[in-house]
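Pasting a structure here, questions to come.
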Amino acid sequence: MVDLASIHYMSVREMSDALAMREVSSVELTQAHLDRISAIDGTVGAYLAVAGDEAIAQARAADERLTSGTLTPLLGVPMQLKDNMSTRGIATTCASRMLEGYIPAYDATVARLLANAGTVLLGKGNMDEFAMGSSTENSAFKPSRNPWDTERVPGGSSGGPAAAVAAGEAAFALGSDTGGSIRQPAAFCGIVGMKPTYGLVSRYGLVAFASSLDQIGPMTRTVEDCALVLGAIAGHDPKDSTSIPGALPDYTAGLDAGVEGLRIGVVREYFGEGIDPDVAKTAQDAIATLEGLGARISEVSLPHSRSALAVYYIIAPSECSANLARYDGVKYGYSDPDSEGIWAALEETRRHGFGPEVKRRIMLGTYALSAGYYNAYYIKAQQVRTLIRREFTEAFEHVDVLVTPSSPTPAFGLGEKTEDPLAMHASDLCSVPANIAGIPSLSVPCGLVDGMPVGLQLLGPHLSEQTLLRVAYAYEQATGWHSLHPAI
Amino acid sequence: MMAENDRNLSIDDVRHIASLCRIGMTDEELERMSAELSDLVGEVAYVQSIDTSRVGPMGHAADSIDTVMRDDESSPPLSVGDVLANAPRREGDYFRVRAILD
């Protein structure tokens, strides 16, 4: 039998097997997670809303499906969705006053796919407001805390999902990643996080931040779980015009094929200036491990990728200023109650509904798109974006996978960077280039620095998810960092 | 009007931008935003030093997609009740807006 007291650190695969063998029911599994949330989420703050009654009802339905013998890999497994994914009948706030109390009339495609697969939605994950931030301190409601050290941030913007998975408050979660918002918190919390190729996972029902960069992806405790979850959410969606058509591979097939002969490029620019030396050393040790497993290591230079942060902080705010123009206090969301006349109501609604970082980005984007500046900033950034993508394309003619640290530092202290937006932005240094180029990227735990987890970032060409998963799996199985958990 | 290469944004510049994106700001908020925005613009202005002659702009990363046109087929829409359920102000089956003309 399964020990319900320690069930929360089983992998999705182990839970799925235990459910199939009837060693545990989905209701028991779900209740154990709800108990775990009750016990520790007052400290961790990974959830903005817990849907306990709905979760138990879904678990009952999953148990009926299990009884009837129709097994799917995620059937009956309890999970969390970041609170920028629409869930019919369950509040979806983006951690913003602007959407406080907003109840979507429809499910995001990923929510629908996971529901069809029989997963159990435990609740919605805390995040930086509208996914803008790197620490989850921009949540309008509360910060999340890192389960490894609750005086530190879990990263962001998917800090709630990362903390929930790391602390055993969900078997897995979905995050969204516009400039590193899956991978950086995954690294900070010691879990696996993947940003798939742009267009691989439907964005329908994901509250838009920067539409040419946003991508949904899995956050899990093991690489195999990442492959399982990716398989459930990837695929063409007619409701997302940027969704990639075509058949999908089985992402769990060939996971254990190893890295013998695989060409891995170490990106020189991410091991020096701006990178914590202990983080760089930890990543280098991981690369030596991969070499020991048979990979062929070489050094690669991507000088343009160092411009990606500046490009990102033009393109993302520009797109955000257009996307967030919809919050007008008329159709849904916060509406200033006291203003007379539509223009005053609009200005006061947006003044009180948005937090400081969201306002800064809308303002910066509006500036970059305004008359006289459009060519100097927005078009220029798009041209540099072409150079960055070209540089990646050329690099992938010589190597199969590129590696860097996932983030320049381990998790920093709560409040340490909140007064310095530029220092906060620098936390995205390593992760932003993948979004700019639209390529897939994955963070896998690669050790500890001062007791805090650090991630190794893998990047590959378009639709190379299987290769990234294979490398990450080989590394994970050789090192076993995934079996370390926080003491909480 | 703002000068092309001036990266320090004045209070008036910030007031103009805020009016474009319809965010109400007090004088104190304008002052703070002017300092923060000047820092941010200084950070991103770095791109202007990069040679991009004969390089086209990249607007999106959806390479493999030729067309975004869906089939011209109708499907059931959300119900009026669902669409209006989150409306801050409602009158019958309509969104109620505040006065547009004085």
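Can you put A:C320, A:C94 in order of Cβ neighbours within 10 angstrom, beginning with the fewest? It would help to have the intermediate numbers written out before the result.
Numbers: A:C320 25, A:C94 28.
Arranged by neighbour count, lowest to highest, A:C320, A:C94 become A:C320, A:C94.
Nearest 5 percent is fine: what portion of the DSSP beta bridges confined to chain A is antiparallel?
So the antiparallel bridges amount to about 65 percent of the total.
From zero up to wherever the largest Cα-Cα distance of the range A:192-272 sits, split into 5 Å bins and tell me the percent of pairs in each.
With a bin width of 5 Å, the distribution comes to 3, 13, 18, 19, 18, 15, 9, 4, 1.
With +1 on each Lys and Arg Cβ and -1 on each Asp and Glu Cβ, how big is the dipole of the range B:7-49 about its Cα centre, in debye rounded to the nearest 20?
Dipole size: approximately 200 debye.
Now for a separate question. Beyond 22 Å between alpha-carbons counts as too far, so tell me which of A:K82/A:K142; A:K195/A:K331; A:K82/A:K380; A:K82/A:K239 fall in that bin.
A:K195/A:K331; A:K82/A:K380
Normalised radius of gyration for the range A:72-175, please: alpha carbon Rg relative to 2.2 N^0.38 Å, two decimal places.
After normalising by residue count via 2.2 N^0.38 Å, the value is 1.04.
Taking 7 Å along the Cα-to-C-beta vector as the label spot, tell me the A:R22-A:R326 distance in nanometres, rounded to one decimal.
Modelled inter-label distance: 4.7 nm.
Another question about this same structure. Would you be so kind as to identify which of B:S38, B:C21, B:I11 lies farthest towards the positive end of the dipole of the range B:7-49, taking Lys and Arg as +1 and Asp and Glu as -1 on Cβ and the Cα centre as origin?
B:C21
Still on this structure, I have one more. In a Debye calculation with equal point scatterers on the alpha-carbon sites of the range B:21-83 and no solvent, what is log10 I(q)/I(0) at q = 0.21, 0.30 Å⁻¹?
At q = 0.21, 0.30 Å⁻¹ the computed log10 ratios are -0.98, -1.19.
Follow-up. Can you give the direction-averaged projected area of the convex hull of the alpha-carbon atoms in the range B:7-49, in nm²? Intermediate values should be presented prior to the final figure.
Working: hull surface 11.9 nm².
So the mean shadow area of the Cα hull is 3.0 nm².
Starting with the fewest neighbours, write out A:L99, B:L84 ranked by other beta-carbon atoms found within 10 Å of each beta-carbon.
The most exposed by this proxy come first: B:L84, A:L99.
What's the percent breakdown of Cα-Cα distances in the range A:164-209 across 10 Å bins, shortest bin first?
24, 53, 23, 0
While we're looking at this one, here's another question. Using helices alone, I'd like the mean residue ellipticity at 222 nm for chain B: each DSSP H run of four-plus residues gives -39500 (n - 2.57), total over residue count, nearest 500.
Taken over chain B, the calculation gives -10000 deg cm²/dmol.
Just rank A:L346, A:L484, fewest to most, by other beta-carbon atoms within 10 angstrom.
Fewest to most other Cβ atoms nearby, the residues stand as A:L484, A:L346.
How large is ³J(HN,Hα) for each residue in the range A:4-9, as worked out from phi by the Karplus curve 6.51 cos²θ - 1.76 cosθ + 1.60 (θ = phi - 60°), to whole Hz, x for Gly and Pro?
Whole-Hz 3J(HN,Hα) from phi for the range A:4-9: 5, 6, 10, 5, 6, 9.
For B:H16 paired with B:R32, estimate the spin-label separation in nm (one decimal), with each label point 7 Å from Cα along the Cα-to-Cβ line.
It works out to 2.4 nm between the two label points.
Under the Kirkwood approximation for Rh and a Cα-based Rg, what ratio Rg/Rh is obtained for chain A?
We get a ratio of 0.95 for chain A.
Moving on. From the helices alone, meaning DSSP H stretches of at least four residues, give me the mean residue ellipticity at 222 nm for chain A, per-run term -39500 (n - 2.57), in deg cm²/dmol to the nearest 500.
-11500 deg cm²/dmol
Laboratory data are not the source of any read-out in this text; all were calculated from the coordinates shown. These numbers come from a predicted model, not from an experiment. Backbone-built Cβ (ideal geometry, glycine too); neighbour counts: all protein chains shown.
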